[in-house]
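The values are calculated or read from the model by the stated rules, or taken from the named source; none is laboratory data. All values derive from a computational prediction rather than experimental measurement. Please note: Cβ atoms are built from the backbone with ideal geometry, for glycine as well, and neighbour counts cover all protein chains shown. What goes into the accessible areas is simple: the full protein's heavy atoms, side chains included, and nothing from ligands, DNA or RNA. Shrake-Rupley method; radii C 1.70, N 1.55, O 1.52, S 1.80 Å.
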Amino acid sequence: MEASSSTSHDPALFHAPLLHHPRRRSSRPLKGFAVIIGSVVFLLSLVILIVNQSPEPLASNPSSVTAAGSYSMAAQPRGIAEGVSAKSNPSLFDKVGFNWTNAMFYWQRTAYHFQPQKNWMNGPLYHKGWYHLFYQYNPDSAIWGNITWGHAVSKDLIHWFYLPLAMVPDQWYDINGCWTGSATLLPDGRIVMLYTGSTNDSVQVQNLAYPANLSDPLLLQWLKYPGNPVVVPPTGIEDDEFRDPTTAWLGPDGSWRIAVGTRFNTTIGTALVFQTTNFSDYELLDGVLHAVPGTGMWECIDFYPVAINGSVGLDTTALGPGIKHVLKASLDDTKVDHYAIGTYDMITDKWTPDNPEEDVGIGLKVDYGRYYASKTFFDQSKQRRILYGWVNETDSEADDLEKGWASIQTIPRSVLYDNKTGTHLLQWPVEEVESLRLNATVFKDVVVEAGSVVPLDIGTATQLDILAEFEIETLVLNSTEDEVSDCGDGAVDRSTYGPFGVLVIADDSLSELTPIYFRPLNTSDGSLETYFCADETRSSKAPDVTKRVYGGKIPVLDDENYNMRVLVDHSVVESFGEGGRTVITSRVYPTEAIYGAARLFLFNNASGVNVKATLKIWEMNSAFIRPFPFEETLFQEMVAST
């Protein structure tokens, strides 16, 4: 289906409340997200299958959450006392609970993102034909606690099978939780897994585990090293601020290195480097891999190479000319994942950012939305680096307990160096997600006049893959510098050249909507500076839901139009600007724009430009996610053949 470029829409017909809102000039968009995040799962997740339409409330922590969403606990986020990131949302403690129905809860469950069948969740690897996802999981409740390792496998990163738990907290060195870890594949085929355990004294230590049977494609049984822990907090490091070992890389001296996150003097985010030859004995190297004052505790560190002029990913051990190294840290203070690109000195084991003003924790973000505890792995089967991230809920714990589940994983993303800018990474959904595409609808050269909204007739808009490209036609000459900054107060905040984009998960009356948009801004030197944004502030009428404006600056080069890709999957929206230079993940919980009432619109709330849009929109199928069918002969034969 195509929409003619000559089709006109009377703006008066579509001057919805979106377009009329007083601008508060002093306001600025939130730069981070005060999110609840989970014990930083480097071990990312995969979803257990189908939700119960009427999940029974779980009885865990009855003293913390009472009926109707009220709270009897102090307004301290869950997890802080245990020495990890916040796992609950104190900003919602004083909110009146919305009267959600079972049908609303059922709609919120994603269809093609991985998440547990029930309860709470938060190092992936590829082995003998199967992708493995290990994730932090609470088997007892839909809130954080009793952290074990869930395990799932997939042939294509989209359709998943749940497996039995990989590890449980049953030893003194991990009795308070089996937390984040990373897998390393050795040249001889062995697999080693390092993970953080919280001891019986709540000391954070690093432990070693390995498969009981490497010939098993499913890696069902894992053994903990009898000599655990293998790394304890060094002198001068806080016992509860030392966690999340990285995948190991091989140095030129033949020994392996790992990095572990910590902090100095409570404010200096730091990555320590340890050296080993056997993964059971470690030496702390002099100095640090890198540290940035003012960034606080670093957790979920990731460190990996990228090819400057390549189109493939690199193994973690890759070194040499034509290679940059990415250092990423999850900031415990702000609950934001930051990264920087720089140079790794393999002799001194020091990393230096290309641009100190864009250093880790003060510059680029992995994702500008609701996102944390990300982790990459090298997929040796397709020579690519794949990124996973954890997305928590933005509703209340009471709601999570009622629906019986919490948290999801993003769609896996490929990661490459952006050689056009030389400053960014490019993140893009793995190609396998395109196998879920069903019927496509095309709209060509749709003119969206300044101050108008245009409906896109695609039917139900709950599961979508949207590709959109925009050109702007200037209506105002010699425009002065815009007073709006960054993403503004959201899509209601008008400026000369924006905002413009799409409204996803919206109802017909636009009483609920989530704008994904570009905002080009005039600067003092006459150039345009563009921001890519997501506005959740009108995504739901429910009061007990966190709703923010997210976004960041995005380079748009002279030979490029404005383009975005948006994956819509019920309560999660993943948005990729300019080929993935800037990415935003949103959680939305509409009360009316659900099921057949969910719609899609174009909008242009600029005051000085018309926009011409071309889109291709696919309806998306659901992923097939369920427990592994051990009893079925066909699957047993398939496993045996890998």
Candidate set from the stretch 362-390 (those that are of a type in the set (Gly, Ala, Ser) and open to solvent by less than 10 Å² (accessible area, probe 1.4 Å)); member that is nearest to the chain's Cα centre (by Cα): 389
Neighbours by Cβ (under 7 Å, 6+ apart or cross-chain): first from the stretch 183-204, modelled with pLDDT under 95; second buried (at least 18 other Cβ atoms within 10 Å of the Cβ): none
Hits in the stretch 345-361 - residues which are open to solvent by less than 20 Å² (accessible area, probe 1.4 Å) and assigned to a strand (DSSP E or B): 351, 353
Number of the exception - residue 195 against (1) open to solvent by 10 Å² or more (accessible area, probe 1.4 Å); (2) under 26 Å from residue 249 (Cβ atoms): (1)
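Need at least 3 residues that are open to solvent by 10 Å² or more (accessible area, probe 1.4 Å) and over 30 Å from residue 218 (Cα atoms) per element, so show me which strands (runs of 3 or more DSSP E) inside the stretch 524-642 make the cut, counting only ones lying wholly within it.
The qualifying strands (runs of 3 or more DSSP E) are 528-535, 549-553, 609-620.
Go through the stretch 112-227 and tell me which strands (runs of 3 or more DSSP E), entirely inside it, have 2 or more residues that are within 30 Å of residue 566 (Cα to Cα). Working first, answer last.
On the way: elements: 119-121, 125-127, 130-138, 148-154, 160-167, 178-185, 191-198, 204-211, 222-224.
Fully inside the stretch 112-227 and qualifying: 119-121, 125-127, 130-138, 148-154, 160-167, 178-185.
Quick one: would you say residue 160 is assigned by the TED database to the domain that holds residue 390 and within 30 Å of residue 436 (Cβ to Cβ)? Outline the logic, then answer.
Working: assigned by the TED database to the domain that holds residue 390: yes; within 30 Å of residue 436 (Cβ to Cβ): yes.
Spelling it out, residue 160 is indeed assigned by the TED database to the domain that holds residue 390 and within 30 Å of residue 436 (Cβ to Cβ).
Residues to consider are 416, 464, 426; find the one that is buried (at least 23 other Cβ atoms within 10 Å of the Cβ) and either part of a strand (DSSP E or B) or at pLDDT below 95 (or both). Reasoning before the result, please.
Working: 416 fails: buried (at least 23 other Cβ atoms within 10 Å of the Cβ); 426 fails: buried (at least 23 other Cβ atoms within 10 Å of the Cβ).
Of 416, 464, 426, the one residue that is buried (at least 23 other Cβ atoms within 10 Å of the Cβ) and either part of a strand (DSSP E or B) or at pLDDT below 95 (or both) is 464.
Quick grid of which residues meet (1) within 21 Å of residue 380 (Cα to Cα); (2) open to solvent by 20 Å² or more (accessible area, probe 1.4 Å); (3) more than 25 Å from the chain's Cα centre (by Cα):
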residue: 283; (1), (2), (3): no, yes, yes
residue: 286; (1), (2), (3): no, yes, yes
residue: 306; (1), (2), (3): yes, no, no
residue: 328; (1), (2), (3): no, no, no
